[in-house]
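Notes for the one structure printed next.
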Amino acid sequence: MAVELNNPEKRMLGVMQSNENEDWTVQKLCNLTKFEDQAIIVGAGIGLVEKGLAIGFENKKTFWTLGNEGIKANSEGLLEIKLWEWLQSSSDTSMKSLQTSSVVEKHEIGIGIGLLKSLGVTLESSNLIIPEDKVLIDEKLKDRRLFLEKVGFSEKGILEEELDNDLLNHFRNRKSLLISLEEVSRTWKITNEGMKISSEDLEEKIMIAEITPELLQGSSWQNAEFKPYDVSLESSTPLTGKPHPMQSLIERIRSIFLEMGFTEIDGDYVQTAGWNMDALFIPQDHPAREMQDTFYLSNPESIQIDENRLEQWKKIHEHGGDTGSIGWGGEFSNDIAQRGLLRTHTTVNTVKYISENPNKPCRVFGIGRVFRNESIDRTHLPEFHQIEGIIMEPGANLPMLVTTLKTFYEKMGYPEVRVRPAYFPYTEPSLEVEVKWRGQWLELGGAGIFRPEVTEPLGCSSPVLAWGMGLERLAMLVLGLDDIRQLYISDLEWLKSQPVL
Ligand code: PHE
């Protein structure tokens, strides 16, 4: 047999072969095939049409039933009929008299008058006037009443063709009087090709759609056929829970650094200016310390720092301590150093780590949130994440730093990386790291080797390679965004469509 038919298609075609000329309805096919579910017939019909064995017809029918207002009109009388009756029986037909009567509800008066006017009633100095040919109005209103009664009489509605066109058009434009229902009925006719299929080919086979343990334990499956899977069929996308893309990205970065032999560290959001800045040899009058960049806290406004530590920083800042540097000069303020703030970079974590482990060679990294008083725009957020890291070991050098960063970005999928000279108060040399994306160099972070003014007071004698990079900037590349805010607005449609990273 040239065409493959499934069981319902075979049975339906078998029935249809009994009459070449019949236009088969779903109902009749259900009865004769003994399929109770109409959907099976519709599905089989689609299959037969696709294979050229049947022709399908679709007949759309519109039925009309009464809406809320229509039901009300049938029990209480149509608005314009009530008004018309009142008009004929009242001696005073002024608007005022209508308003004080209870013939219709107040809010219906406006619409009611409009309806009467369209029938020929006029309004002269606030009096409603019945026109000469009132018989015509009587007739029109009678037609409207009969129309609604007819529609209301049938529960499942009246076929559109059986209704008066003008009256239907009149009522369908009025609110809630009528409701329409669409019904699609399908029929099929067998084709010559369909007639040619032999009765052998229409023999149904046992088809196994689901493989169960019970089935495999028996032997019935040995002679049965298995229903094939059609992997090309369209299917719905399962909407399951999944991590936020930022969380997935953090996990990916984490595993890359772990794989490269790094250990993860963490730290608090609340820090002192001392650890966030002074320990990093950022001068106390540095513009970045100003209120417009840093969120200083009112609680805790100040956090105590060990005297000895403050003394160390004082020496370094004022005249360079024993490092050979001349420092920044001026007078170091302990009050400034002890001010509470939200960390402005995660470099504070690595510096604190060095202070606790000054002579233990290490490779550590951390991914954390930082805070800066920035106005929000396409590329800036006041709260964002940094990917921070250090390598501390004897003999650590600049090429090692550049290679480490290149390796990281390569593992992220960005093999083209370059570094440019930059300036940070705490590193020398200092670098800016750039990654090529869609033909453009994008700046993703800073790096360098910590200055002796940073490491020596901490008691650390090996070189420390350090870097801090923006996570959201990287996320924009990975997710192809041109607006950083998209990451945090909880746009469900966007989140649903994000790939699992
Ligand atoms: N802390 C710097 C920043 O926030 C980045 C940096 C870290 C630079 C470590 C050099 C060394 O941009």
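The values are calculated or read from the model by the stated rules, or taken from the named source; none is laboratory data. Given the structure is predicted, the values throughout are model-derived calculations rather than measurements. Cβ sites come from the backbone with ideal geometry, for glycine too, and all protein chains shown count toward neighbours. Ligands, DNA and RNA are stripped out before the accessible areas are found, and what is left, the full protein with its side chains, is counted by its heavy atoms. Shrake-Rupley method; radii C 1.70, N 1.55, O 1.52, S 1.80 Å.
Computed values, structure above
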| read-out | value |
| --- | --- |
| Equivalent ellipsoid dimensions for segment 127-272 as semi-axes, Å, which come from the Cα gyration tensor, largest first | 65, 44, 14 |
| Leu233 accessible area, 1.4 Å probe, all protein chains in place, Å² to nearest 10 | 120 Å² |
| Cα convex hull of segment 1-112, projected area averaged across orientations, nm² | 12.3 nm² |
| With all protein chains modelled, accessible area of Tyr353 [1.4 Å, Å²] | 40 Å² |
| Whole-angstrom gap from segment 146-218 to segment 84-114, using each part's C-alpha centre | 47 Å |
| Helix 245-259 vs. the chain, principal-axis angle (Cα, 0 to 90°, nearest 10) | 40 degrees |
| Per-residue HN-Hα couplings for segment 59-74 [Karplus 6.51, -1.76, 1.60; θ = phi - 60°; Hz; x = Gly/Pro] | 10, 8, 10, 10, 10, 10, 10, 7, x, 3, 5, x, 5, 5, 4, 5 |
| Burial order of peptide ranges 334-343, 99-108 (average beta-carbon count within 10 Å, highest first) | 334-343, 99-108 |
| Nearest-ten-degree value, helix 134-153 long axis tilted from longest Cα axis of the chain | 70 degrees |
| Helix-only CD estimate at 222 nm, as mean residue ellipticity for the chain, using -39500 (n - 2.57) per DSSP H run (n ≥ 4) | -10500 deg cm²/dmol |
| Residue pairs, from the table Lys352/Lys406; Lys150/Lys175; Lys10/Lys205; Lys28/Lys205; Lys242/Lys436, whose Cα atoms sit over 21 Å apart | Lys352/Lys406; Lys28/Lys205; Lys242/Lys436 |
| Helix axis angle, 398-412 relative to the chain longest principal axis, alpha carbon, degrees | 10 degrees |
| Calculated P(r) of the chain - Cα pairs past 43 Å, % | 58 percent |
| The chain, relative contact order in percent, only Cα pairs under 8 angstrom and at least six apart counted | 13 percent |
| Sequence of His385, His170 from largest to smallest accessible area, 1.4 Å probe | His170, His385 |
| Against the rule of thumb 2.2 N^0.38 Å, how large the Cα Rg of segment 68-170 comes out | 1.16 |
| Portion, in percent, of the accessible area of the chain that falls on carbon or sulfur, probe 1.4 Å | 49 percent |
| 1.4 Å probe accessible area per residue over the chain, in Å² | 56 Å² |
| Probe 1.4 Å, all protein chains present, accessible-area order of Ile391, Ile206, Ile303, Ile179, largest first | Ile206, Ile179, Ile303, Ile391 |
| Accessible area, probe 1.4 Å, largest first, for residues Val42, Val49, Val135 | Val135, Val49, Val42 |
| Mean Cα-pair separation over length for segment 68-170, i.e. relative contact order, pairs under 8 Å, 6 or more apart, % | 27 percent |
| With DNA, RNA and ligands ignored, accessible area of Leu487 (1.4 Å probe; Å², nearest 10) | 0 Å² |
| Low-density loop cleavage sites - GluC sites (Glu not before Pro) in segment 414-462, where at most 14 other Cβ are within 10 Å (DSSP) | Glu416 |
| Net charge of neighbours whose Cβ lies under 13 Å from the Cβ of Gly459, counting Lys and Arg as +1 and Asp and Glu as -1 | -1 |
